[in-house]
């Protein structure tokens, strides 16, 4: 979600790439929640941090988005970069009815959207 919002709000000023510990499947609730906000990630492939490293990718910033409980497993991209950690809950762990899960994912989406806007404002103000 953070990558999608950075692309949406950062325009051509910032480029973002999302990766995790290992490639997985897109969370259908996240896909739905972003679609409600006009963002289509349905065709996006998931990637592993190691894939980006093997490709020789370098970054000015690395923002990790992991729950507090998973923080010790949260990927760390090697190299000299500025780092931030945003402790958001993992939507794949949300339980309940479809409506209950979607309500939590929407709240998470809104919080991540706000955090990305703050981050862009901070970078633009430098």
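Values quoted throughout were computed directly from the atomic coordinates according to the rules given, and no laboratory measurement underlies them. Just so we're clear, the structure is a prediction, and the values are computed from it rather than from any experiment. Glycine also receives a Cβ, built like all others from the backbone with ideal geometry; neighbour counts cover every protein chain displayed.
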Kindly state, to the nearest 0.05, the FRET efficiency for residue 61 paired with residue 98, given R0 = 30 Å and r defined as their beta-carbon distance. 0.30
For n ≥ 4 DSSP H runs only, could you compute -39500 (n - 2.57) per run for the chain, divide by its residues and tell me the 222 nm figure to the nearest 500? -13000 deg cm²/dmol
Starting with the fewest neighbours, write out 105, 81 ranked by other beta-carbon atoms found within 10 Å of each beta-carbon. 81, 105
Would you mind giving the three semi-axes, in whole Å and largest first, of the ellipsoid equivalent to the stretch 67-126 according to its Cα gyration tensor? 26, 18, 6
Modelled FRET efficiency - R0 35 Å, residue 8 with residue 72, Cβ distances, 0.05 increments: 0.70
Which FRET efficiency, nearest 0.05, do residue 51 and residue 106 yield, Cβ-Cβ r, R0 30 Å? 0.50
Please tell me the relative contact order of the stretch 2-121 in percent, rounded to the nearest whole number, where contacts are Cα pairs under 8 Å and at least six residues apart. 28 percent
Taking the inverse of the average 1/r across all pairs of different Cα atoms in the stretch 2-121, what Kirkwood radius in Å do you get? 15.2 Å
Return the distance in nm (one decimal) between the two label points of a simple spin-label model at residue 37 and residue 15, each offset 7 Å from Cα along Cα→Cβ. 2.3 nm
